[in-house]
Every structure is written in structure tokens, then in C-alpha cells.
Amino acid sequence: MIIPYDESGGARGEGARKVSGSRLIHLCGTDDVSEGGTLRVEAEGLTLAVYRIAGHFYVTDDHCTHGPGSLSEGILEGYEIECDFHQGRFDVRTGAVTEPPPMVPVKVYPVVVEGDRVLIEVEAAGATGTEG
Ligand code: FES
């Protein structure tokens, strides 16, 4: 589901930015992710992990940069997601590796919460371009 970016306001949340030429992709409802939990979402050709921490939402690619691990199936501790394959860790706020073996950060997406909807902001053109 593609939701055009609404310049009239109402968008809010971590990393929410009004960038010309951007658009929003609806991922899930706020109630779909339990506090301290994760959710795997497929949208627009992307496979994403949604995290809910202290009432705020964060989104990364679901695919671990080290191998076949699915980060949404990992263990969320604070702001770190631990991949259940080799116990590599990433900061879900920045994507930075906080524990090897991964060496490459995981991609993060600006999150916008509108009412009870969780969305990410992507560039209007070439937004699905994370090959790996
Ligand atoms: S596949 Fe994720 S740490 Fe190795």
C-alpha cells in the first residue's frame, strides 16, 4: 500500500523528515507490534523488521548483513537486535553493528506514525534499491 506524503502535517515520529520527492509506505498498525517486540513486514519489494521500543517505532531491513538471519526473528534487548544466527547485534536506531560478526550496518528507514499507522519514508524514485 502506497500512501502519498501529506504535507499538511500530522506526520510525526523518529526520523520523520519532510523531504521533497519522498513518499510514505504503510507497514502496519501500531497495535500490530507489541511493546519490546518485532514484526516482519513485506512491502514494496522490501522485507523489513519493525521494532517497538518504549512506545516508539524503528524499522530496519529484515535481512542480516552477515548472512541468512532474519532480524525480526532475533532477540530485542534495549535498542539492540541480536541476530539469532550468529548473535551479531545492530542498533535499530542507527543500523550500526554493535557486536560482530557482522561488519556492515543494516539499513534503517525514517519512521512516521500517523494515528494508528506505522509508515516509513522513502525516496520517490529508486526507493527499493537496497541490494545485498
Ligand atoms: S547471519 Fe546474522 S549474525 Fe550471522
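The values are calculated or read from the model by the stated rules, or taken from the named source; none is laboratory data. Source: prediction; values computed, not measured. Cβ atoms come from the backbone with ideal geometry, glycine included; neighbour counts cover every protein chain shown.
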Quiz item: Can you tell me which residue in the range 39-53 is farthest from the ligand (Cβ to nearest atom), limited to those that are farther than 14 Å from Gly95 by Cα and not hydrophobic (A, V, I, L, M, F, W, C)?
Solution: Glu44
Quiz item: So Val50 clears everything in (1) at pLDDT 95 or above; (2) over 28 Å from Glu99 (Cβ atoms); (3) in contact with a strand residue (DSSP E or B) (Cβ under 6 Å, 6 or more places away or on another chain) except one condition, right? Which one?
Solution: (2)
Quiz item: With (1) at pLDDT 95 or above; (2) part of a loop (DSSP other than H, G, I, E, B); (3) touching a Phe, Trp or Tyr at 6+ places or on another chain (Cβ under 9 Å); (4) surrounded by 15 or more Cβ atoms within 10 Å (Cβ to Cβ) as the list, and Glu14 as the residue in question, which single condition is left unmet?
Solution: (1)
Quiz item: When residues of the range 111-132 are filtered for being crowded, with 17+ Cβ neighbours inside 10 Å, part of a loop (DSSP other than H, G, I, E, B) and at pLDDT 95 or above, how many remain?
Solution: 0
Quiz item: If you scan the range 72-86, which residues turn out to be in contact with an Asp or Glu (Cβ under 7 Å, 6 or more places away or on another chain) and free of Cβ contacts under 8 Å to residues at least 24 places away in the same chain?
Solution: Ile75, Glu80, Asp84
Quiz item: Condition test on Ser34, is it modelled with pLDDT of 95 or more and among the polar types (S, T, N, Q)?
Solution: yes
